[in-house]
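As structure tokens, the structure follows; a few thoughts come after it.
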2 protein chains.
Amino acid sequence: MNTHVKPDIPSGFVELLPEEQMEFDRLKAIIAKHYELHGFLRLETPCVERLNILLAKANEEDQKLIYGVDTLVDGKFKRQIPKIALPFDLTVPLARYVAQHCGGEIDFPFRRYQIDRVHRGERKQAGRFREFYQADIDVIGMGDLPLLHDAEMPAVIHGIFQEIGVAKYVIRMNNRKIHNGLFTHLQVPETYRAERSDEEGKPQEVVCSSLSVIDLLPKKGQEWVEREFQDGVGLSTDTVRKIMDFLSIEGSKDEVISSLRSFQFNERFDQGVNELDEVLGYMHSLDVPDDVYRIDLTITRGLNYYTGTVYETTLHGHESLGSVCSGGRFDDLAGLFCKQKLPGVGISIGLTRLFDHLLRHGAIEVGRKSPVEVIVFNMDASLRGDYFSLAAALRAAGISTEVYLVDRKIDRQTKYAVKKRIPYGIFMDAKRHTKSVCSIRNYDTGQEELVAIADVAQWLHPH
Amino acid sequence: MNTHVKPDIPSGFVELLPEEQMEFDRLKAIIAKHYELHGFLRLETPCVERLNILLAKANEEDQKLIYGVDTLVDGKFKRQIPKIALPFDLTVPLARYVAQHCGGEIDFPFRRYQIDRVHRGERKQAGRFREFYQADIDVIGMGDLPLLHDAEMPAVIHGIFQEIGVAKYVIRMNNRKIHNGLFTHLQVPETYRAERSDEEGKPQEVVCSSLSVIDLLPKKGQEWVEREFQDGVGLSTDTVRKIMDFLSIEGSKDEVISSLRSFQFNERFDQGVNELDEVLGYMHSLDVPDDVYRIDLTITRGLNYYTGTVYETTLHGHESLGSVCSGGRFDDLAGLFCKQKLPGVGISIGLTRLFDHLLRHGAIEVGRKSPVEVIVFNMDASLRGDYFSLAAALRAAGISTEVYLVDRKIDRQTKYAVKKRIPYGIFMDAKRHTKSVCSIRNYDTGQEELVAIADVAQWLHPH
């Protein structure tokens, strides 16, 4: 009979083994390094926000995914209606933070990054996480913010994906005003009512944005999108054909821009084209290579609050993963919280999803199982003080060092070192070694060398 | 009329301004560095655990503080009884993790660190946080774990507080078996019923541990403790006097150990004294200086599951803060989750409380407001490409660089740099400079120097 509580984590939540965690941390550190090199300030907002703040900025979809939080009385929630909840993204906490501190405590343009976990009570589904890391940068202006910042985002992202180096990638860019202009020109309504299945799979009538139909193109296919525009939004076959023709415009950035310039739709459309052209020009002067970005008119990020430039990023060979890094320009970050106009532009790497996918597809491999570079074996109780002194000297030189403290046969100790993939092992015993010398085994090559104790740090980390 | 949602965070939660966050991150990085130098593996458990797991390991006090988590339907909790909740410490998730993976996925002795936020729905009170960082290390053995590990904990902690360097500190140590032996000898019952005020301040009868009365000595004073032992636990005045006399034993570690050895109580007591003596001996061979630790018989950590060595750490001049780093030895980490016997020893730094206290008392000061080392001013639109190239070269050399992108008068740009306390500013304009030279201003000294573009990185970071 098993009376134990089963030790596992809730489904949809992620936890890594130590060797996976090390690799995850490596990617996270690359991202943080690039964000800081570009002068973004690290911010950390609490794990919970007031529910009314989250609800104020959540669209209908997001609202259904919010996890409420409250203390318990006799195992039940104290209140039916929670006051606090787990944020579903890092943008709402940013908006609240900037509104709270924009009276002089922070400086504009405010450049912040946050790498943190967010929570969404998603339906159980492969590849959907209920807790996941986002790695966000945003620049927030007070009153205005030049388009140069829209070009800066891909430049930062380029540096990161280049260093991660797992795959070729392309940052696909567009401008929301182009679609808004097109839809106005074609008299497409902004929203329409459609049937969607809810969390339990029951059909439910919901209000959808017409723009977001385009976002479903890669997932649902061309036929579905055409049918949805016709039967859902209620467009004529002629209008649908015009939209689909428009979305199929492809080519180099100059070709696409010149195709776009040939349309005579309206001022909004032209403004979108001009902005896109200007941003791409800045990216060129920021030395972002031509082959890592392109215009993609099928990108709208329709569910979000973007008003200009939009980005998505796909990895070659990992298209099924969808966008690993998305974002855009918004006119008004915090209008719900303060009267100041705070335009901004930001981009977010979906770190958990990216890492999970790359790991499962063998695109990244876990290596060492421990930060330890060298282990000092416990061969002779009388030398313990010497083991500790050597370890202290190595740590002072920045070398992660473990002393094996348990009394075990040396075979069992070396097995532990091999299993944890510790690169070097140090043997000191009273028989083989004088107090000033030890043997260091390199577990990669299998070779062992006699090294003077005073030289071990230098031997391991030659300058 | 103000129709804005008020932008603030829930009370009891902590959020820092960017310059405070930088200082907090510096402390956190020192802790993580030392933990890794000693070969502890970083672990990250999810923000939530199954509620039944938390309840299984929570004492009565902890249970009342658990935050339940559930999704919402029409703004109300979907369930009355949550399935998941926010952990109140990092030890329960560790126990669950080790039990879950002890069948070969992790290696023993398992050395892990976790620096993460935990949550407790505490009553509002000065200095009490509902969300706070703990920085934990634990070593978990399979079957057994030698006492040397008990000595390793203070050695790691010593390195950290030495590097943080804000105050002298003392690690106060004791062994639970000593108190257990004493209480058995004096026939003190393990628990007693006492009246305590609940979350709303109403009196409530609760079961208390007799040991934890001793823990209240620094907070409630000697008189209260004596009265509680007499009226609460129901001890005779003679027994109370014996306990108080015992707790007042002080002196060097040798003096205290020899006082303890003079008692003839029972085997358990002697075992506690022997263990304490052995651990202190190992600490000496680990080069922990004599003046940073001492035996303190008033330390019991009575509310916790410790069975041997116990630690508390106080900072000189900051005694009101209480212990900033506590922990101990436990016989059985995960008996509720698996049949393996997993003894361990661990210690935890209360990072949020420590940081908050040091900041409010001026013991640490915030410095720079940004990671940026140098800002390139936007003086001439025609040179923008040159600004970007220089910035890219500096970033490649590991120098955090910002290019001022907004078109503003140079006065406003330099004001921004000064406000953000960026140490260096680079001026390049077509009039004053040829393309190969710029001026660098050092904002600390106010001096400006002409430097060749090719030499800027070297000038800023001389090797």
Those residues of the stretch B:3-54 which are small (Gly, Ala, Ser) and outside the structural domain of B:GLY121 (by TED's automatic domain parsing) amount to B:SER11, B:GLY12
Do we find that A:ASP116 is assigned to a loop (DSSP other than H, G, I, E, B), more than 7 Å from chain B (Cβ to nearest Cβ) and either β-branched (Val, Ile, Thr) or within 23 Å of A:VAL324 (Cα to Cα) (or both) in this structure?
no
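Answer with yes or no whether B:GLY68 is surrounded by fewer than 19 Cβ atoms within 10 Å (Cβ to Cβ), in contact with a Gly (Cβ under 9 Å, 6 or more places away or on another chain) and facing another protein chain (nearest Cβ under 7 Å). Break it down stepwise before answering.
Working: surrounded by fewer than 19 Cβ atoms within 10 Å (Cβ to Cβ): no; in contact with a Gly (Cβ under 9 Å, 6 or more places away or on another chain): yes; facing another protein chain (nearest Cβ under 7 Å): yes.
It is false that B:GLY68 is surrounded by fewer than 19 Cβ atoms within 10 Å (Cβ to Cβ), in contact with a Gly (Cβ under 9 Å, 6 or more places away or on another chain) and facing another protein chain (nearest Cβ under 7 Å).
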Of the criteria (1) under 30 Å from B:LYS28 (Cα atoms); (2) in contact with a Cys (Cβ under 8 Å, 6 or more places away or on another chain); (3) of a type in the set (S, T, N, Q), which one B:ASN174 fails
(2)
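Answer with yes or no whether A:LEU394 is surrounded by 16 or more Cβ atoms within 10 Å (Cβ to Cβ), hydrophobic (A, V, I, L, M, F, W, C), under 30 Å from B:GLY344 (Cα atoms) and within 8 Å of chain B (Cβ to nearest Cβ).
Numbers: surrounded by 16 or more Cβ atoms within 10 Å (Cβ to Cβ): yes; hydrophobic (A, V, I, L, M, F, W, C): yes; under 30 Å from B:GLY344 (Cα atoms): yes; within 8 Å of chain B (Cβ to nearest Cβ): no.
Answer is no for this residue.
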Those residues that are over 20 Å from A:GLU61 (Cα atoms) and of a type in the set (S, T, N, Q), I need them from the stretch A:169-220; list them, please.
A:ASN174, A:ASN175, A:ASN180, A:THR184, A:GLN187
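Considering only residues that are part of a helix (DSSP H, G or I), under 29 Å from A:THR71 (Cα atoms) and more than 7 Å from chain A (Cβ to nearest Cβ), which ones fall in the stretch B:18-65? So that I can check it myself, show each step before the final result.
We begin by selecting, within the stretch B:18-65, every residue part of a helix (DSSP H, G or I); these are B:18-37, B:51-57, B:60-63.
Filter once more, so that each one left must be under 29 Å from A:THR71 (Cα atoms): B:21, B:24, B:28, B:51-57, B:60-63.
Hits for the stretch B:18-65 are B:PHE24, B:LYS28, B:LEU51, B:LEU54, B:LEU55, B:LYS57, B:GLU60, B:GLU61, B:ASP62, B:GLN63.
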Going through the stretch B:105-134 one residue at a time, which ones are over 21 Å from B:ASN59 (Cα atoms) and touching a helix residue (DSSP H, G or I) at 6+ places or on another chain (Cβ under 8 Å)?
B:ILE106, B:ASP107, B:PRO109, B:PHE110, B:ARG112, B:TYR113, B:GLN114, B:ILE115, B:GLY127
Per the filter on the stretch B:1-16, residues free of Cβ contacts under 8 Å to residues at least 60 places away in the same chain and either assigned to a helix (DSSP H, G or I) or over 18 Å from the mean Cα position of the chain (by Cα) (or both) are B:MET1, B:ASN2, B:THR3, B:HIS4, B:VAL5, B:LYS6, B:PRO7, B:ASP8, B:ILE9
Quickly run through the stretch A:87-109 and pick out the residues that are surrounded by 24 or more Cβ atoms within 10 Å (Cβ to Cβ), touching a strand residue (DSSP E or B) at 6+ places or on another chain (Cβ under 7 Å) and facing chain B (nearest Cβ under 7 Å).
A:ARG96
List the residue pairs whose Cβ atoms are under 6 Å apart, where the first residue sits in the stretch A:270-293 and is within 14 Å of chain B (Cβ to nearest Cβ) and in contact (Cβ under 8 Å) with a residue 24 or more places away in the chain, the second is buried (at least 18 other Cβ atoms within 10 Å of the Cβ) and among the β-branched types (Val, Ile, Thr), and the two are 6 or more positions apart or on different chains.
A:VAL279/A:THR309
Filter the stretch B:398-434 for residues that are within 9 Å of chain A (Cβ to nearest Cβ) and on the phi > 0 side of the Ramachandran plot and give the result.
B:GLY398
Taking only the stretch B:71-86 into account, find how many residues are without any contact (Cβ under 8 Å) to a residue 24 or more places away in the chain, in a strand (DSSP E or B) and facing chain A (nearest Cβ under 7 Å).
4
If a residue has to be exposed (fewer than 14 other Cβ atoms within 10 Å of the Cβ), in a helix (DSSP H, G or I) and under 31 Å from the mean Cα position of the chain (by Cα) to count, how many in the stretch A:232-271 make the cut?
1
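The values are calculated or read from the model by the stated rules, or taken from the named source; none is laboratory data. Just so we're clear, the structure is a prediction, and the values are computed from it rather than from any experiment. Cβ atoms come from the backbone with ideal geometry, glycine included; neighbour counts cover every protein chain shown.
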